[in-house]
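Quick notes on the structure that follows.
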Amino acid sequence: MNLLDGKKLAKDIKAEIAEAVQQMTNDGQKAPHLAAVLIGEDPASQVYVRNKVRSCEQVGFQSTLVRRPADITQEEVLQIVDELNKNADIDGFIVQLPLPDHLDEEAITLAIDPRKDVDGFHPVNFGRMSQGMPAYLPATPSGILEMLRRYEITTEGKEVVVIGRSNIVGMPMSILLAQKAYPGNATVTICHSRTKDLAAHVKRADILVAAIGRADFVTADMVKEGVVVIDVGINRVDDPTAKRGYRLKGDVDFDGVSPKASYITPVPGGVGQLTVTSLLMNTLKAARKEIY
Ligand code: NAD
């Protein structure tokens, strides 16, 4: 079994981005600038945004955090989005999801200028991605492609099974791995909550991507020998012995599955690490106007 070490890859990629930023500033250009909008007090969102801002600092980006209380109105959020769209100093921005229930997430996503949509959630970017056009790719699937590329894992002609069909992970992952490209050219099956006999599909997988959100959902008896396992799940499970009272676990039973796997991502230290570096890479592309 080989570990797909997201932590090491993220460190390498950040060093490469930092070098590119250094080059840009040496050439008299400004450093890329990412803004993040954080609304409300959701603890996980606060951790994610803090991590994104810290990562920006590590690679020499400028970053701006726009924090607003949970009772902000829809109009006020749209106003912020409009200002960020127009602010020439900001190359890209994200609105951290989920938003409080009274806000219309879809309308807010649609209001973001696709040219600044470094999360790749706008339907224009999703559509461009689906047609193989240059686009901001959603961060988690993009990080997984980078991982497959850097570990030189063959995808062509392979049976890929993706469990989960969310707009941010499962669905774009299935599209990208079926595309005529590397990593891609795979035969992709997408499974979800209504799939019949999920275990039979998973058993066929040469490469398995699990993005479900249920700890230890995939067990050793479900996978075949030699499978490549990409575990996207981040689940908090109670653990009174842990300092914070919980531990993070993936969607795959790591201890059971890893002896059968040729490659596997750990949780934590796997895919999650690359999600942030993908956002940084998208912001660098935005600053260099590589997509639009
Ligand atoms: P989601 O809740 O939007 O989607 C979950 C998907 O799992 C759904 O499409 C559903 O059909 C499927 N599913 C649920 N129960 C199932 C079952 N019994 N059998 C088969 N399929 C089932 O979740 P998401 O946003 O795609 O996230 C999935 C997981 O990945 C979560 O644990 C989340 O925390 C994690 N995540 C991690 C990162 C990262 O950076 N590593 C990024 C995003 C999400």
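The values are calculated or read from the model by the stated rules, or taken from the named source; none is laboratory data. Every value quoted in this text rests on a predicted model; they were computed, and no experiment measured them. Quick reminder, even Gly has a Cβ in these numbers, built from the backbone with ideal geometry, and neighbours come from all protein chains shown. Quick note on the areas: whole protein, heavy atoms, side chains included, nothing else; ligands and nucleic acids left out. Shrake-Rupley method; radii C 1.70, N 1.55, O 1.52, S 1.80 Å.
Loop sites here are GluC sites (Glu not before Pro) outside DSSP states H, G, I, E and B with no more than 15 other Cβ atoms within 10 Å. The longest part of the chain free of them is 42-151. The slack between LYS203 and VAL237, meaning 0.36 nm per residue of separation minus the straight C-alpha distance, is 9.6 nm. About the centre of its Cα atoms, the range 139-273 shows a dipole size close to 320 debye [charges on the beta carbon of Lys, Arg (+1) and Asp, Glu (-1) only; nearest 20 debye].
Applying D = kT/(6 pi eta Rh) to the chain, where Rh is the Kirkwood radius over alpha-carbon pairs, T corresponds to 4 °C and eta to 1.567 mPa s, the Stokes-Einstein value obtained is 65 µm²/s. If I build a Gaussian network model for the chain, linking alpha-carbon pairs within less than 10 angstrom, which residue out of ILE153, ILE212, ILE90 has the largest mean-square fluctuation? Comparing ILE153, ILE212, ILE90 in the GNM, the peak value goes to ILE153.
Across the range 148-167, the residues whose backbone nitrogen lies under 19 Å from the label position 7 Å along the beta-carbon direction of ARG194 are 162-167. Under the convention that each Lys and Arg Cβ holds +1 and each Asp and Glu Cβ holds -1, the size of the dipole of the range 15-109 around its Cα centre is about 420 debye. Over all directions, the projected convex hull of the C-alpha atoms in the range 15-140 averages 8.2 nm² in area. If R0 is taken as 35 Å, the Cβ-Cβ distance between ASN2 and ASP27 corresponds to a FRET efficiency of 0.35.
Can you give me the angle between helix 6-26 and the longest principal axis of the chain, using Cα atoms only, in degrees from 0 to 90, rounded to the nearest 10? Tilt relative to the chain: about 30 degrees. Can you give the extra length, in nm with one decimal, that the chain gains between ALA181 and TYR246 once fully stretched, where that is 0.36 nm per residue apart less the Cα-Cα distance? Fully extending the segment from ALA181 to TYR246 adds 19.4 nm.
Excluding ligands, DNA and RNA, the accessible surface per residue across the range 154-292 is 47 Å² with a 1.4 Å probe. Projected label points at GLN74 and ARG150, each 7 Å from Cα along the beta carbon direction, are separated by 4.1 nanometres. Take the Cα of SER166, step 7 Å toward its Cβ, do the same at ASP12, and the gap between the two points is 2.7 nm.
Full extension of the segment from HIS102 to VAL47, taken as 0.36 nm per residue of separation minus the current Cα-Cα distance, would add 17.6 nm. Each Lys or Arg adds one and each Asp or Glu takes one away; over the other residues whose Cβ falls under 12 Å from the Cβ of ASP117, this sums to +1. Computed about the Cα centre, the dipole magnitude for the chain is approximately 620 debye when only Lys and Arg (+1) and Asp and Glu (-1) carry charge, each at its Cβ.
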